[in-house]
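**Q** Mind having a look at this structure? Questions to follow.
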Amino acid sequence: MDVLASEIPVIAEIPLIKTGINTLFSNPNDRSALAESFRILTTNMDFVLPSQGDGKTVFCTSTIKGEGKTFISLNFSLAMASLNKKVLLIGADLRNPQLHTYAKINKNQQGLSNFLINPTLDWKSLTMQVFEKQPNHEILFSGAIPPNPAHLLANGNFETLINEAKSLYDYIVVDLAPTILVTDTLLVAHLADATICAVRANHTDKKLIPFSMNLSNTNRLKNMTYVINAVKENRSYGYNYNYGYNYGYGDVES
């Protein structure tokens, strides 16, 4: 990874979590290896984000599905909230939303897509505080899966929401679709102060790294950094040569 993308920083390595172990930073006093890795991510992100201005926006994406962008988005936002920061997490992957599975919320819960379709809705009334021990953390779920996600994200209402949220929250974390499969993320990427690109050890095809590098070098993904997910204890990264381009309705991201 260091050789492939040496000019783009890796700001955190998230350990591989074994089956049956809690995967959420829902307790701000958590001292697990997972929690500590996300504390490191929050500290390093402070060096990436601009020091001035209202609420900071951090977008999280990946190249393909299965790299853990939703897992990283959720835990990063919870780690920020544990520092007594007011945080909004937005589910903006409108094709294959996964936040509701982590939060155990009905997938038809009203959310972002409803506001994008009907901006007369008060999006603030659609946010939810899901984690009892994290009172500073709110989630705006993706809402019903629409037939035209790219059009909705580009119609101006998403930018209005982000601008309003910046005056209400210290951090806005946005979970977005993978970049190689659909254009959704690139349509709104300019609204980010920083972008996390999730890479999964022993899953991400190393031939895809230049693709995300190019998005960063051409500023289509602003202020991009890498977070390596599912790192084993021996810290040996592997990259898979088999990956699928199928993405959308019915797919599940780990």
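**Q** Could you list, in sequence order, all residues of the range 142-169 that are hydroxyl-bearing (Ser, Thr, Tyr) and either more than 22 Å from THR70 (Cβ to Cβ) or out of contact with any Gly (no Cβ under 9 Å at 6 or more places or on another chain) (or both)? Outline the logic, then answer.
**A** Restricting attention to the range 142-169, the residues satisfying the condition of being hydroxyl-bearing (Ser, Thr, Tyr) are 142, 160, 167, 169.
Selection gives THR160, SER167.
Results for (1) over 19 Å from THR225 (Cα atoms); (2) without any contact (Cβ under 8 Å) to a residue 24 or more places away in the chain; (3) in contact with a His (Cβ under 7 Å, 6 or more places away or on another chain); (4) basic (Lys, Arg), shown as yes or no for each residue.
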position	(1), (2), (3), (4)
GLU67	no, no, yes, no
PHE76	no, no, no, no
VAL87	yes, no, yes, no
PHE115	yes, no, no, no
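**Q** If you scan the range 28-76, which residues turn out to be surrounded by fewer than 22 Cβ atoms within 10 Å (Cβ to Cβ) and of a type in the set (D, E, K, R)?
**A** Within the range 28-76, ASP30, ARG31, GLU36, ARG39, ASP46, ASP54 qualify.
**Q** Is it the case that some residue within the range 124-137 is farther than 27 Å from ILE21 by Cβ and buried (at least 16 other Cβ atoms within 10 Å of the Cβ)?
**A** Quick first cut of the range 124-137, residues farther than 27 Å from ILE21 by Cβ only: 124-127.
Right, trim to buried (at least 16 other Cβ atoms within 10 Å of the Cβ) and you get 126-127.
There is at least one residue in the range 124-137 that is farther than 27 Å from ILE21 by Cβ and buried (at least 16 other Cβ atoms within 10 Å of the Cβ).
**Q** Somewhere in the range 43-54, is a residue in contact with a helix residue (DSSP H, G or I) (Cβ under 8 Å, 6 or more places away or on another chain) and of a type in the set (Phe, Trp, Tyr)?
**A** no
**Q** Tally time: how many residues in the range 106-121 are more than 22 Å from LEU181 (Cα to Cα) and in contact with a strand residue (DSSP E or B) (Cβ under 7 Å, 6 or more places away or on another chain)?
**A** Applying the first criterion (more than 22 Å from LEU181 (Cα to Cα)) to the range 106-121 yields 106-111, 114-115, 117-121.
Imposing the further condition that a residue be in contact with a strand residue (DSSP E or B) (Cβ under 7 Å, 6 or more places away or on another chain) reduces the set to 111.
The total comes to 1.
**Q** Is there a residue in the range 165-182 that is modelled with pLDDT under 95 and hydroxyl-bearing (Ser, Thr, Tyr)? Walk me through it before giving the result.
**A** Keep residues of the range 165-182 that are modelled with pLDDT under 95, which gives 180-182.
This time we only want the ones that are hydroxyl-bearing (Ser, Thr, Tyr), so: none.
No, because not a single residue in the range 165-182 is modelled with pLDDT under 95 and hydroxyl-bearing (Ser, Thr, Tyr).
**Q** Could you check, for the range 231-245, whether at least one of its residues is modelled with pLDDT of 95 or more, among the basic types (Lys, Arg) and part of a loop (DSSP other than H, G, I, E, B)?
**A** There is no residue in the range 231-245 that is modelled with pLDDT of 95 or more, among the basic types (Lys, Arg) and part of a loop (DSSP other than H, G, I, E, B).
**Q** Would you pick out the residues in the range 139-157 that are closer than 20 Å to ASP54 by Cα and surrounded by 22 or more Cβ atoms within 10 Å (Cβ to Cβ)?
**A** Selection gives ILE139, LEU140.
**Q** Against the condition hydroxyl-bearing (Ser, Thr, Tyr), out of contact with any Gly (no Cβ under 7 Å at 6 or more places or on another chain), under 23 Å from GLU138 (Cβ atoms) and modelled with pLDDT under 95, how does THR23 come out, does it pass? Please lay out each step first, then the result.
**A** Numbers: hydroxyl-bearing (Ser, Thr, Tyr): yes; out of contact with any Gly (no Cβ under 7 Å at 6 or more places or on another chain): yes; under 23 Å from GLU138 (Cβ atoms): yes; modelled with pLDDT under 95: yes.
Spelling it out, THR23 is indeed hydroxyl-bearing (Ser, Thr, Tyr), out of contact with any Gly (no Cβ under 7 Å at 6 or more places or on another chain), under 23 Å from GLU138 (Cβ atoms) and modelled with pLDDT under 95.
The values are calculated or read from the model by the stated rules, or taken from the named source; none is laboratory data. Just so you know, these numbers come straight off a predicted model, no measurement behind them. Quick reminder, even Gly has a Cβ in these numbers, built from the backbone with ideal geometry, and neighbours come from all protein chains shown.
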